[in-house]
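Heads up, the thing below is written out as structure tokens.
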Amino acid sequence: MAAASVKPALLLKDELDIVIPTIRNLDFLEMWRPFFEPYHLIIVQDGDPSKTIKVPEGFDYELYNRNDINRILGPKASCISFKDSACRCFGYMVSKKKYIFTIDDDCFVAKDPSGKDINALEQHIENLLTPSTPFFFNTLYDPYRDGADFVRGYPFSLREGVPTAVSHGLWLNIPDYDAPTQLVKPRERNTRYVDAVLTVPKGTLFPMCGMNLAFNRELIGPAMYFGLMGDGQPIGRYDDMWAGWCMKVICDHLGWGVKTGLPYIWHSKASNPFVNLKKEYSGIYWQEELIPFFQAATLPKECTTVQQCYLELSKQVKAKLGKVDPYFLKLADAMITWIEAWDELNPSAGDSANLTNGSGK
């Protein structure tokens, strides 16, 4: 029989950080208060560090701006994007918790078909605390959900599953479209609520969206680098997808799983498609080279840690994608810098990191 759903009274209260990138006051937290207030927030302020970001009363948080990032990382701060939501991955680096949930500040609480508010964080945690099945597809989707199990013909040797590294949630209302699709479907809204969670099969890539995402930081954290995007870079809006492609190659190599589907959030604000097209323009061309690169990427068996895998991937990015554009040479170097900075702030057990926190309450 499949394992029962995991529903502790207050899920992982002391083991999870919520990471939010923002350039504005966080009034959106009021709607999330019933679900987020017990948890610690890490807010990464993008843009002008002299601007004051207001956080509603009652939340336990620390806030980092660009000055904090430069102070904590020194020269290695060059690997953290500026004027792009990719800056959120700094929050992953400074967290000391086992799990991360990250959400955008234009995302609100969605309702299920019965009209009940969806506790997205609770569903993500359930996804992460139950195994994945990447090696053989179960036609009833996630066999570990209540009321589901493995179907006839599913190998018993695979029913234990593997650890779940990433839980990828979806969105109602404004779909996560690229600029060309936004331009031809400006009024399209996602109203389909599909009550399903499934494991992305081994060897299959997917476009990871960072606006409603959770992961096991202890397992896969060093691979969740959102790249060099935004200010000074020739590309934007591919940060989460870059992390998703790298992460999936590494999860496939190390034998971990990725789930997608529930939970839904309500995405309230469509970004400007013309601005997006300018950011995405290079990526729309490059992705035709990037996808085959990641589909063909293999890692040697000597790579047994996420850091080793990620550094090996950076070598392959430099060797193969450097020919596509010089940007990828810079990105490959930033991938190395990211791992160096991660290891400095997250030393092995028994050591202590000399990290001065940002401002907080």
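The values are calculated or read from the model by the stated rules, or taken from the named source; none is laboratory data. Keep in mind that this is a model prediction, so the values were computed, not measured. Don't worry about glycine lacking a Cβ; one is built from the backbone with ideal geometry, like all the others, and counts go over all protein chains shown. In case anyone asks, the SASA skips ligands and DNA or RNA and just uses the protein heavy atoms, side chains included. Shrake-Rupley method; radii C 1.70, N 1.55, O 1.52, S 1.80 Å.
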| task | With a cut-off of at most 14 other beta carbons within 10 Å, and DSSP calling the residue loop, which trypsin sites (Lys or Arg not before Pro) in segment 1-107 qualify? Please list them. | result | K13, R24, K51, K54, K96
| request: Just check segment 244-340 against the gyration tensor rule for me: Cα atoms, a ≥ b ≥ c as the square roots of the eigenvalues, rounded for a/c under 1.5, and otherwise prolate or oblate depending on whether a/b exceeds b/c. | output: oblate
| request: Note down the nm distance, to one decimal, between modelled labels 7 Å out along Cα→Cβ at K323 and at N25. | output: 5.4 nm
| message | Using a 1.4 angstrom probe on the protein heavy atoms only, could you order E37, E312 from most to least accessible area? | response | E37, E312
| query | What is the magnitude of the charge dipole of the chain about its Cα centre, with +1 placed on the Cβ of each Lys and Arg, -1 on the Cβ of each Asp and Glu, and no other charges, expressed in debye to the nearest 20? | reply | 520 debye
| query | Using 7 Å Cα-to-Cβ label points, what is the S348/D14 separation (nm, one decimal)? | reply | 2.7 nm
| task | Over the chain, calculate the relative contact order: mean separation of alpha carbon pairs under 8 Å at least 6 apart, over the residue count, as a percent. | result | 21 percent
| remark: So for R0 = 22 Å, FRET eff. of T204-E289 from the Cβ-Cβ r, to 0.05, ends up at 0.75
| Heavy-atom accessible area per residue - segment 7-78, 1.4 Å, Å² | 46 Å²
| remark: Helix-only [θ] at 222 nm, the chain, -39500 (n - 2.57) per DSSP H run of 4+, per residue, nearest 500, equals -9500 deg cm²/dmol
| Average accessible surface area per residue within segment 263-317, 1.4 Å rolling probe, Å² | 56 Å²
| request: Roll a 1.4 Å probe over the protein heavy atoms and report the accessible area of I72 in Å², nearest 10. | output: 30 Å²
| field | Relative contact order computed over segment 172-294 (Cα-Cα under 8 Å; 6+ residues apart), in percent | value | 38 percent
| note | Candidate cut points under GluC sites (Glu not before Pro) in segment 27-69, DSSP loop plus at most 12 other Cβ atoms within 10 Å of their own Cβ, are E57
| What list of ³J(HN,Hα) couplings, whole Hz, do you get for segment 326-332 from phi and the Karplus terms 6.51, -1.76, 1.60, once you set θ to phi - 60° and write x for glycine and proline? | x, 3, 6, 5, 5, 5, 4
| remark: Per the 1/(1 + (r/R0)^6) rule, R0 = 35 Å and r from the Cβ atoms of F35 and K315, FRET efficiency to 0.05 is 0.25
| When only C-alpha pairs under 8 Å and at least 6 residues apart count, what is the relative contact order of segment 142-199, in percent? | 37 percent
| request: Enumerate the calculated ³J(HN,Hα) couplings along segment 22-39 in order (Karplus 6.51 cos²θ - 1.76 cosθ + 1.60, θ = phi - 60°), each rounded to whole Hz, writing x wherever the residue is Gly or Pro. | output: 7, 10, 9, 4, 9, 4, 4, 5, 4, 5, 8, 3, x, 9, 9, 4, x, 9
| field | Largest-first principal axis extents of the Cα set of segment 1-135 (Å) | value | 52, 35, 24
| message | Could you tell me the calculated FRET efficiency between K111 and D231, based on Cβ-Cβ distance and R0 = 22 angstrom, to the nearest 0.05? | response | 0.05
| query | Taking 0.36 nm per residue of separation and subtracting the Cα-Cα distance, what length does fully extending K98 through E340 add? | reply | 85.2 nm
| query | Taking the structure as given and computing Kirkwood radius over Cα pairs in Å, which label from (i) 21.6; (ii) 21.0; (iii) 19.8 fits? | reply | (ii)
| remark: Measure of exposure for I69: accessible area at 1.4 Å probe, Å² rounded to 10, is 0 Å²
| message | Tell me the carbon and sulfur percent of the accessible area for the chain, rounded to whole percent, probe radius 1.4 Å. | response | 53 percent
| At what distance in angstrom do the alpha carbon centres of segment 171-241 and segment 246-260 lie from each other? | 16 Å
| Solvent-accessible surface ranking, highest first, for S114, S282 at 1.4 angstrom | S114, S282
